[in-house]
Amino acid sequence: MGVERADVTEDAVLGGRLVLRQPRKGHRVGHDAILLAAACSARPGERLIELGAGVGAAGLAVARRVQELALTLIEIDPALAELARENAERNALAARTRVVCLDVAASPPAFTAMGITPHAADHVLMNPPFNAAQNPSPERGRRLAHTGTHDTLALWVETAARLLRPAGVLTLIWRADALETVLASLAGAFGGLSILPIHPKPGSPAIRVLVRALKESRAPLTLLAGLVLAEANGQPTREAEAVLREGAVLALAAN
């Protein structure tokens with residue numbers, strides 16, 4: 001099942017380092033995916049699994065940056081999964097990228113049947129749907145990408161914990177005003193949290209948090225200095241430009 005070509009655009013991100021085919025309407029690749037990739041601390045030779053990958057933006061951005069990284073993209077929507085395959089090929093990353101059409105909340109046997117076994121990943125990356133189910137978008141792609149239930153994050157974290165090796169790293173992005181949900185969902189299986197707030201402008205409350213968590217760690221939480229996306233006049237900050245256009249990594253990726 002594929003998306004009709006007339007319904008697809010081809011767009012450059014990361015200053016042209018990555019070219020992505022994506023649906024013309026519905027959920028579109030934005031800052032969140034690139035910020036998530038920039039927060040991932042994967043190293044050459046490791047294995048990364050992205051849950052809810054969409055057209056593959058975040059995972060492919062990491063693979064573009066990290067040589068010899070083995071990447072698995074998991075996406076529930078067959079049309080988006082097909083675009084993710086095309087994007088891996090378009091960016092010469094197909095040889096080390098596998099795309100699997102599967103629900104993140106599927107049972108462990110369903111994952112194993114697709115060749116995705118427990119404790120096999122060094123890193124898991126995810127941008128779960130975080131909007132409440134009231135007034136969901138009529139467009140299916142946008143609805144799947146943005147609308148979750150009260151237990152969505154907990155289910156995704158449970159899957160990540162199962163897939164990660166001991167001391168493996170989970171990196172996620174979430175609404176800043178629901179940080180308590182992240183902390184509650186990670187309690188038990190993860191520790192050593194590092195949190196980086198994302199602010200739209202100077203002096204504005206954070207709108208997103210990037211979180212890095214270590215499986216089975218007992219290390220304390222670290223709150224990092226936030227990233228400001230734009231100056232008061234609306235122009236991108238130098239720091240944001242370095243990440244979003246030049247491929248720089250965030251402090252989370254250096255840990």
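Computed quantities for the displayed model
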{"quantity": "³J(HN,Hα), Karplus 6.51/-1.76/1.60, whole Hz, each residue of segment 189-206, x for Gly, Pro", "calculated": "8, 10, x, x, 5, 10, 10, 10, x, 10, 10, x, 8, x, x, 8, x, 5"}
{"quantity": "Helical mean residue ellipticity (222 nm; -39500 (n - 2.57) per DSSP H run of 4+; nearest 500) of the chain", "calculated": "-7500 deg cm²/dmol"}
{"quantity": "FRET E, pair Ser217, Glu10, Förster distance 45 Å, beta-carbon r, rounded to 0.05", "calculated": "0.65"}
{"quantity": "Stretchable slack from Glu239 to Ala167, in nm (0.36 nm times residue separation minus alpha-carbon distance)", "calculated": "22.9 nm"}
{"quantity": "Sorted by Cβ neighbour density within 10 Å, fewest at the top, the residues Ile173, Ile116", "calculated": "Ile116, Ile173"}
{"quantity": "Among Val228, Val100, Val157, residue whose mean-square fluctuation peaks in a GNM of the chain (springs only between Cα atoms under 10 Å)", "calculated": "Val228"}
{"quantity": "The chain - percent relative contact order, Cα under 8 Å, separation 6 or more", "calculated": "19 percent"}
{"quantity": "Excluding exposed DSSP-loop GluC sites (Glu not before Pro) (at most 15 other C-beta within 10 Å), longest clean stretch of the chain", "calculated": "140-215"}
{"quantity": "Neighbour net charge for Arg65 - beta-carbon separation under 12 angstrom, K R +1, D E -1", "calculated": "+1"}
{"quantity": "Order of Arg24, Arg212, Arg90 - criterion: other Cβ atoms within 10 Å of each residue's Cβ, fewest first", "calculated": "Arg24, Arg90, Arg212"}
{"quantity": "Using alpha carbons only: equivalent-ellipsoid semi-axes of segment 186-255, gyration tensor based, whole Å", "calculated": "27, 13, 8"}
{"quantity": "Backbone N within segment 181-204 under 19 Å of label point (7 Å from Arg43 Cα along the Cβ vector)", "calculated": "192-194"}
{"quantity": "Förster radius 22 Å - calculated FRET efficiency between Ala254 and Asp177, Cβ distance, rounded to 0.05", "calculated": "0.25"}
{"quantity": "Segment Glu68-Glu231, extension gain: residue separation times 0.36 nm, minus the distance between their alpha carbons", "calculated": "55.0 nm"}
{"quantity": "Residue order, fewest to most beta carbons within 10 Å, for Thr181, Thr171, Thr117", "calculated": "Thr117, Thr181, Thr171"}
{"quantity": "Most fluctuating residue given options Ala94, Ala213, Ala187, as computed from a GNM of the chain linking Cα atoms under 10 Å", "calculated": "Ala187"}
{"quantity": "For the chain, built as a Gaussian network whose Cα springs stay under 10 Å, the top-fluctuating residue of Ile207, Ile195, Ile76", "calculated": "Ile207"}
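Just so you know, all these numbers are worked out from the coordinates, no wet-lab data involved. The model shown is predicted, which means the values in this text are computed figures rather than measured ones. Quick reminder, even Gly has a Cβ in these numbers, built from the backbone with ideal geometry, and neighbours come from all protein chains shown.
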